[in-house]
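Take a look at the structure below.
The values are calculated or read from the model by the stated rules, or taken from the named source; none is laboratory data. Predicted model only: the values in this text are computed from it and were never measured. Positions of Cβ are backbone-derived with ideal geometry, glycine not excepted, and every protein chain shown enters the neighbour counts. Just the protein is used for accessible areas: all its heavy atoms, side chains included, with ligands, DNA and RNA removed. Shrake-Rupley method; radii C 1.70, N 1.55, O 1.52, S 1.80 Å.
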Amino acid sequence: MKQANELQADILVVGGGLGGVAAALAALRAGRRVVLTEEYDWIGGQLTSQAVPPDESSWVEQFGVTASYRQLREGIREYYRRHYPLTEAARAKRDLNPGGGHVSRLCHEPRVAVAVLESMLAPYLGSGALRLLQPYRPVAADVDGDRVEAVTLEHRDSGARLTVSAPFVLDATETGELLPLTGTEYVTGFESGKDTGEPSAPDEAQPDNMQAVSVCFAVDHVDGDHVIDKPKDYEFWRGFRTDFWGGNLLGFRAPNPRTLEPAERTFEPNPDDDPLAVVGDQRRGGGDMNLWTFRRIAARRNFAPGAYDSDITLVNWPMIDYFLAPVIDNPDAAAHLERARDLSRSVLYWLQTEAPRADGGAGWPGLRLRGDVTGSADGLAQAPYHRESRRIRAEYTVVEQDLSAAVRGDKGAVSYDDSVGIGMYRIDLHPSTGGDNYIDVASCPFEIPLGALLPVRVDNLLPAGKNLGTTHITNGCYRLHPVEWNIGEAAGALAAFSFERGLPPRAVGNDPALLAEFQDRLTAQGFELRWPDVAPY
């Protein structure tokens with residue numbers, strides 16, 4: 001008999017970000033009993049607790065995502081129509097973009113996504129098929145040879161522990177936390193170009209060279225003085241600069257990711273624009289030249305007069321990228337994450353007090369930190385935005401030359417016989433802890449190979465997020481919201497399929513008949529396994 005601090009499930013999903021929720025939903029649809037864990041107050045990961053509006057392909061309104069991801073997107077729009085005082089024009093717009101942001105065709109407040117994600121899980125919570133453990137983080141694992149038997153979880157606040165055992169375990173954590181705990185082989189940072197053949201990789205491996213981490217926050221601009229206390233390291237950040245930046249980190253001048261030439265951003269709160277006329281399309285450029293509208297998540301003019309005193313914009317800008325040191329496999333990770341938070345507070349303080357205005361003045365004291373929007377006590381996002389994770393050593397590793405537009409040209413990305421989904425984004429790497437500038441490479445619309453979900457040795461652990469078999473380079477386009485969802489959903493479906501047959505997941509990938517049956521199941525559930533004929537960008 002299981003003790004009070006022990007649970008059992010068919011499938012354990014550790015991490016409740018987008019990949020974790022999608023994995024749980026796929027397994028639950030297949031009739032499996034699931035335990036899903038999450039260490040922060042909100043499920044949804046980069047979409048919610050990390051406060052990052054969705055980064056998506058230019059074709060997201062037509063194709064390129066799974067049916068359940070489309071359900072999430074349309075659920076967000078419907079939530080606004082049902083519960084928010086939209087203008088009639090905004091309410092009638094089929095492809096409503098509540099924030100009128102340029103980064104995405106669907107910029108919205110994080111808590112709306114939380115509500116929709118919770119509604120998607122609600123029937124399974126009610127039936128008891130799903131147990132959601134929150135806020136819990138993994139701290140240990142029981143392993144027998146090539147199998148993970150159980151994972152021990154610790155409550156974030158109380159320190160209470162419990163153990164969950166399951167035949168299949170999915171790592172949907174933001175940084176691949178289960179990989180070192182289970183002894184699963186993994187890599188971090190840059191792989192060697194000698195090993196991968198990637199045009200953008202260095203000659204020697206750089207495992208500690210990882211993308212910047214960012215702590216996002218939301219602000220609006222209203223009457224009054226809302227200046228925060230001066231951050232303790234403000235003077236350090238105020239004077240910080242690096243050779244490739246083109247100026248001080250705290251400034252409106254920063255590299256253009258695609259050209260690497262220094263470019264001046266503009267910033268003007270509450271512009272006199274029409275948010276319904278904004279088209280978030282990455283083909284037109286990154287959209288970050290106008291910082292206020294770049295990741296605006298609530299456009300006041302989409303709502304009834306007086307409902308919003310100001311737009312709300314999400315600060316995930318070049319100047320908050322923390323690249324002094326990695327925060328994965330670093331004994332000082334906690335200290336560096338706190339420094340990243342201090343950088344974000346310093347950016348806000350600089351904007352409020354010293355940032356140059358077009359009228360010749362300095363600072364916007366009316367900028368107000370909106371911790372109520374991000375659901376946090378200190379005003380910043382609940383969780384840091386990790387662009388890069390530990391990544392499994394996989395049976396197949398996706399490399400740059402599989403999808404680079406410069407390499408592949410008119411041939412398009414490599415098509416995999418074992419495709420379990422599709423995705424699209426430019427290879428988009430932010431400055432890294434090794435001192436590298438942006439790496440931004442045009443990509444072909446790509447597929448997700450099942451082989452990238454299979455660890456080289458461990459039989460019953462699957463990646464369900466950014467920890468699949470990509471490289472540092474290709475992680476740059478596999479890390480975005482709809483791709484993470486597809487990866488997680490495919491992992492959950494694969495675990496459920498393998499459970500039914502009593503087989504390890506690699507057996508599905510290695511048997512053409514089983515693979516075809518599994519892919520047919522995915523297609524029936526609304527997965528897209530191949531792209532139509534579209535152009536790279």
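Annotations
- Check on L367, in contact with a His (Cβ under 9 Å, 6 or more places away or on another chain) and not polar (S, T, N, Q): yes
- Of the residues making up the stretch 93-104, not a single one is of a type in the set (D, E), closer than 27 Å to E174 by Cα and part of a loop (DSSP other than H, G, I, E, B).
- Just so you know, in the stretch 205-234 the residues that are assigned to a loop (DSSP other than H, G, I, E, B) and out of contact with any Ser or Thr (no Cβ under 8 Å at 6 or more places or on another chain) include one that is nearest to D436 (Cα to Cα), and it is K232.
- One residue alone among G280, G306, G247 is free of Cβ contacts under 8 Å to residues at least 60 places away in the same chain and open to solvent by less than 20 Å² (accessible area, probe 1.4 Å), and that residue is G247.
- Breaking point among (1) within 19 Å of P445 (Cα to Cα); (2) at pLDDT 95 or above, for Y537: (2)
- Of all residues in the stretch 318-350 being closer than 19 Å to Y438 by Cβ and in a loop (DSSP other than H, G, I, E, B), the one that is most open to solvent (accessible area, probe 1.4 Å): L324
- Residue under evaluation A377, criteria (1) closer than 24 Å to G251 by Cβ; (2) over 20 Å from the mean Cα position of the chain (by Cα), criterion not met: (1)
- Restricting attention to the stretch 471-506, the residues that are under 18 Å from G45 (Cβ atoms) and not acidic (D, E) total 16.
- Within the stretch 154-176, the residues that satisfy the criterion of being buried (at least 18 other Cβ atoms within 10 Å of the Cβ) and within 23 Å of the chain's Cα centre (by Cα) are V169, L170, D171, A172, T173, E174, T175, G176.
- Residue in the stretch 405-417 that is in contact (Cβ under 8 Å) with a residue 60 or more places away in the chain and open to solvent by less than 10 Å² (accessible area, probe 1.4 Å) present: no
- Qualifying residue in the stretch 435-453 (condition: in contact with a Gly (Cβ under 6 Å, 6 or more places away or on another chain), open to solvent by 10 Å² or more (accessible area, probe 1.4 Å) and under 24 Å from N256 (Cβ atoms)): no
- In the stretch 71-113, the residues that are open to solvent by 10 Å² or more (accessible area, probe 1.4 Å), without any contact (Cβ under 8 Å) to a residue 60 or more places away in the chain and either among the aromatic types (F, W, Y) or farther than 18 Å from R301 by Cβ (or both): Q71, E74, G75, E78, Y79, R82, H83, R94
- Test set (1) surrounded by fewer than 21 Cβ atoms within 10 Å (Cβ to Cβ); (2) closer than 15 Å to F236 by Cβ; (3) touching a residue at least 60 places away in the same chain (Cβ under 8 Å) - A355 fails condition number: (2)
- Taking the conditions (1) open to solvent by less than 50 Å² (accessible area, probe 1.4 Å); (2) among the aliphatic types (A, V, I, L, M); (3) modelled with pLDDT of 95 or more; (4) touching a helix residue (DSSP H, G or I) at 6+ places or on another chain (Cβ under 8 Å) in turn, L291 satisfies each one other than (4).
- In the stretch 220-234 there is at least one residue that is open to solvent by less than 30 Å² (accessible area, probe 1.4 Å) and within 26 Å of the chain's Cα centre (by Cα).
- Matching residues, the stretch 257-276, being more than 22 Å from V222 (Cβ to Cβ), open to solvent by 40 Å² or more (accessible area, probe 1.4 Å) and either without any contact (Cβ under 8 Å) to a residue 12 or more places away in the chain or part of a loop (DSSP other than H, G, I, E, B) (or both): R258, T259, L260, E261
- The residues of the stretch 114-130 that are assigned to a helix (DSSP H, G or I) and either in contact (Cβ under 8 Å) with a residue 12 or more places away in the chain or among the hydroxyl-bearing types (S, T, Y) (or both), listed by number, are V114, A115, V116, L117, E118, S119, M120, L121, Y124, S127.
- Checked against the criterion of being more than 15 Å from G16 (Cα to Cα), part of a strand (DSSP E or B) and among the hydroxyl-bearing types (S, T, Y), the stretch 142-157 contains one or more residues that satisfy it.
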